[in-house]
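Novice: Below is one structure. I have some questions about it.
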Amino acid sequence: MERFMKYIFDSSNSFAVMVWSSAQPKNVDKMIRVAFGQYEKKLVARWTRKNLNLSDQDYYQKVETIKDLEKVWRELNKDKSSTFPQIVWDQTNTILIDDSYVKAKLQPFNAIHLPDFDNERCKSEKDRELYNVIDYLRKIHNQSNVSAYIKNFPYIPPNDYKD
């Protein structure tokens with residue numbers, strides 16, 4: 001995890017990193033503190049279940065959620081703060097990393113789908129998934145259209161954490 005964080009937050013890579021979780025805000029805050037540690041301050045945004053346009057009833061239920069990147073692009077393109085990269089955010093320069101195909105179904109070619117980080121993976125000392133994602137991000141980093149690249153060369157997680 002540390003190597004992955006160093007890579008995505010390295011200023012020479014020019015990634016703008018945000019978190020969008022379907023969890024409730026208090027749980028997202030806890031996850032961010034644990035997962036991101038010193039990098040938490042470098043997040044350009046943190047979105048939670050509140051940003052999924054759920055009804056009041058669905059907000060408190062376990063329901064299928066979809067992350068519509070159009071909403072992210074609209075919000076990021078409105079933000080003209082001096083600390084934020086001043087580019088037009090769209091499908092050509094946005095990557096969603098998620099373990100759910102359903103959550104990314106509106107923009108499937110902007111997603112890198114990771115396998116669930118389940119108990120087996122957690123116990124495995126051979127899990128290299130984030131190293132594999134770094135390698136993929138290195139390939140995609142200088143593409144003028146990440147969506148076209150992902151469509152033609154989707155991320156396929158190798159099953160390399162098992163013998």
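The values are calculated or read from the model by the stated rules, or taken from the named source; none is laboratory data. Since the model is a prediction, treat every value here as computed from it, not as a measurement. Methodologically, a virtual Cβ is constructed for each residue, glycine included, from the backbone with ideal geometry; neighbour enumeration extends over all protein chains shown. Quick note on the areas: whole protein, heavy atoms, side chains included, nothing else; ligands and nucleic acids left out. Shrake-Rupley method; radii C 1.70, N 1.55, O 1.52, S 1.80 Å.
Novice: Given only helices, namely DSSP H runs of n ≥ 4 each adding -39500 (n - 2.57), what is the per-residue ellipticity at 222 nm of the chain, to the nearest 500 deg cm²/dmol?
Specialist: Numbers: 7 runs with 58 residues, N = 163.
That calculation yields -9500 deg cm²/dmol at 222 nm.
Novice: Given a 1.4 Å probe and every protein chain left where it sits, what share in percent of the accessible area of the chain is carbon and sulfur? Don't skip to the end; give the middle numbers.
Specialist: Numbers: 5170 of 10400 Å².
Using a 1.4 Å probe with all protein chains present, the chain comes out at 50 percent carbon and sulfur.
Novice: Below 12 angstrom from the Cβ of residue 87, what's the summed charge of the other residues (Lys, Arg +1; Asp, Glu -1)?
Specialist: Working: positive: 80; negative: 79, 90.
Once positives and negatives cancel, what remains is -1.
Novice: Past 27 Å, Cα to Cα: identify those pairs from 80/139; 62/105; 41/151; 42/78; 41/80; 6/50, in the order given.
Specialist: Details: 80/139 29 Å; 62/105 18 Å; 41/151 32 Å; 42/78 19 Å; 41/80 18 Å; 6/50 29 Å.
Distance filter (> 27 Å) returns 80/139; 41/151; 6/50.
Novice: Here's another thing I want to ask about it. Length gain on complete extension for the stretch residue 102 to residue 141, per 0.36 nm per residue less the alpha carbon to alpha carbon distance?
Specialist: 11.6 nm
Novice: Roll a 1.4 Å probe over the protein chains and send me the accessible area per residue for the chain in Å².
Specialist: Numbers: 10400 Å² over 163 residues.
Accessible surface, normalised per residue, equals 64 Å².
Novice: Same structure, new question: What area, in nm² and to one decimal, does the C-alpha convex hull of segment 1-51 cast on average over all directions?
Specialist: Details: hull surface 13.7 nm².
Computed as one quarter of the Cα hull surface, the answer is 3.4 nm².
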